[in-house]
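These notes are about the structure you will find just below.
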Amino acid sequence: MAEGAEEDLPRDAKVVKTLLKSMGVEEYEPRVVHQFLELMYRHAVDVLMDAQVYSEHAAKTVIDSDDLKLAVQSKVNFSFAPPPPREVLLELARSRNKIPLPKSISGPGIPLPPEQDTLISPNYQLAIPKKRTAQHVEETEEEEGSDPNPASNQNQNLSQDRTDVPQEAPQRVSFPLGAKRPR
């Protein structure tokens, strides 16, 4: 904040900023000061309202220091519960630790869902046509050399390929996405 803006702050805001600085808090949003001020004002109003109730109960016309002390003490007892004694915590821990943990169903490591339910299962397929045998390739080369008309020869080869070689579905291969290929 600028120096001029620092001087324009109310006294309570300056106190909150001083408290934050004394606790080692150097960087914070400006809203933090307003939130602490709201908390502080709400707490003060609650304590004063309780002190007024105690004063009225004692048939006093003015709130005195005893009413304020009682209101603060009741607020502390109501708002902040002390932790249980160490012995009680140790006894609770012993009784709880007597019950063994359930056995793990899965092996060591992090249990993972089945492969079909994960996003790392193969999500594509490659259609790889089967390679023609060497004998079939030689036959087609011999036929190409005997015919002077290469265009008709290609048409014959295509028709022979369709009739001589039985039609099979292309082989499908799947690869997991994270797998490393051997070199």
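The values are calculated or read from the model by the stated rules, or taken from the named source; none is laboratory data. Just so it is clear, the model here is predicted, and its values are computed rather than measured. FYI the Cβ positions are ideal-geometry reconstructions off the backbone, even for glycines, and counts take in every protein chain you see. Heavy atoms of the whole protein, side chains included, go into the accessibility calculation; ligands, DNA and RNA do not. Shrake-Rupley method; radii C 1.70, N 1.55, O 1.52, S 1.80 Å.
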For residue 28, work out the one condition from (1) in a helix (DSSP H, G or I); (2) of a type in the set (Phe, Trp, Tyr); (3) under 32 Å from the mean Cα position of the chain (by Cα) it doesn't fulfil. (1)
Of (1) farther than 23 Å from residue 8 by Cα; (2) surrounded by 13 or more Cβ atoms within 10 Å (Cβ to Cβ), residue 36 fails just (1)
Unmet requirement for residue 76, which otherwise passes all of (1) farther than 26 Å from residue 12 by Cα; (2) modelled with pLDDT under 95: (1)
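Looking at residue 57, is it within 16 Å of residue 12 (Cβ to Cβ) and either free of Cβ contacts under 8 Å to residues at least 12 places away in the same chain or open to solvent by 100 Å² or more (accessible area, probe 1.4 Å) (or both)? Spell out the reasoning first.
Values: within 16 Å of residue 12 (Cβ to Cβ): no; either free of Cβ contacts under 8 Å to residues at least 12 places away in the same chain or open to solvent by 100 Å² or more (accessible area, probe 1.4 Å) (or both): yes.
Criteria not met by residue 57.
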Find all pairs meeting these conditions: Cβ atoms under 9 angstrom apart; at least six residues apart or on different chains; first residue within the range 67-95 and assigned to a helix (DSSP H, G or I); second residue basic (Lys, Arg) and open to solvent by 60 Å² or more (accessible area, probe 1.4 Å). 67/60
Check residue 96 against each of (1) at pLDDT below 90; (2) within 31 Å of the chain's Cα centre (by Cα) and name the one condition it does not meet. (1)
